[in-house]
1. From the list VAL134, VAL83, VAL76, VAL120, pick out the single residue that is modelled with pLDDT under 95 and either in contact with a Cys (Cβ under 7 Å, 6 or more places away or on another chain) or within 17 Å of ILE22 (Cβ to Cβ) (or both).
2. Output the number of residues of region 126-144 satisfying the condition of being of a type in the set (D, E, K, R) and under 29 Å from HIS32 (Cα atoms).
3. All but one of (1) surrounded by 12 or more Cβ atoms within 10 Å (Cβ to Cβ); (2) part of a loop (DSSP other than H, G, I, E, B) hold for ARG132, so report the exception by its number.
4. Do you know which residues across region 82-127 are assigned to a helix (DSSP H, G or I), among the polar types (S, T, N, Q) and more than 20 Å from LYS57 (Cβ to Cβ)?
5. Which members of region 72-111 meet the condition of being farther than 24 Å from GLU2 by Cα and of a type outside the set (A, V, I, L, M, F, W, C)?
6. Here is a list: ALA36, ALA7, ALA47. Which entry is of a type outside the set (Ser, Thr, Tyr), within 11 Å of the chain's Cα centre (by Cα) and over 20 Å from SER121 (Cβ atoms)?
7. So which residues in region 27-54 are among the small types (Gly, Ala, Ser), under 20 Å from VAL95 (Cα atoms) and in contact with a helix residue (DSSP H, G or I) (Cβ under 7 Å, 6 or more places away or on another chain)?
Amino acid sequence: MERKCIALVAHDARKRDLITWIGAHLRSLSGHIFYATGTTGGRVKEAFPDLDVTPLKSGPLGGDQQIGAMIAEGRVDLLVFFVDPMTAQPHDVDVKALTRLATLYNVPFACNEATADMVVSSPLFTDSYRPRPVDFRSYEGRQL
C-alpha cells in the first residue's frame, strides 16, 4: 500500500464528527500520513495516538494556508474538510482559498462524511492512484 498524505480540517461544530469518522475508518486510514489544522490535529492525535499526525497552525491563524501551500506543491493526496455550513466562519476567505486550491490542483476533496466514506471505500484509495496532473502551461504562457 502506498502511503498517502491526507490533510484534515474540521470546523468547530464538526470536529467530533471527524473523530468519529476516523474511528469508523481506522483500518483504512492507518499507515497514512496526516497533516491537520491546529485544534483538529490535536484532537486527532489525542484520540488516535498511533496515527502519524502533524498539527499545523489553527485555521484562522494560517493553517488553511499551510495546507493550501502543500496542495500547490503537490504534497497532498486527499483533503478531508468537514465543513459546518450552518455557522459563519470569520476566516471564510481562507476556507474559500483552500477549497479553490484543492479544485484547481485536482486533489480529491471530501467536504462531508458521505463523500469521505466514498473516497476511502473506493479501490482507488488503496491503489497507487494519481489524479490527472493539471497543465498550467497555457495559463503561464499567456500574453499580458
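1. Of the residues listed, the single one that is modelled with pLDDT under 95 and either in contact with a Cys (Cβ under 7 Å, 6 or more places away or on another chain) or within 17 Å of ILE22 (Cβ to Cβ) (or both) is VAL83.
2. So the count comes out to 4.
3. Against the list (1) surrounded by 12 or more Cβ atoms within 10 Å (Cβ to Cβ); (2) part of a loop (DSSP other than H, G, I, E, B), ARG132 comes up short only on (1).
4. Hits for region 82-127 are THR103, THR115, SER121, THR126.
5. Listed by number, the residues that qualify are ASP84, PRO85, THR87, GLN89, PRO90, HIS91, ASP92, ASP94, LYS96, THR99, ARG100.
6. One residue alone meets the criteria, ALA36.
7. The answer is ALA36, GLY38.
Okay, residues lined up against (1) of a type in the set (A, V, I, L, M); (2) within 22 Å of VAL120 (Cβ to Cβ); (3) within 14 Å of the chain's Cα centre (by Cα); (4) surrounded by 14 or more Cβ atoms within 10 Å (Cβ to Cβ):
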position: GLY23; (1), (2), (3), (4): no, yes, no, no
position: HIS32; (1), (2), (3), (4): no, yes, yes, yes
position: GLY74; (1), (2), (3), (4): no, yes, yes, no
position: ASP92; (1), (2), (3), (4): no, no, no, no
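The values are calculated or read from the model by the stated rules, or taken from the named source; none is laboratory data. Note that the structure is predicted; figures quoted are calculated from it, not measured. No Cβ is skipped: glycine too gets one built from the backbone with ideal geometry, and neighbour counts run over all protein chains shown.
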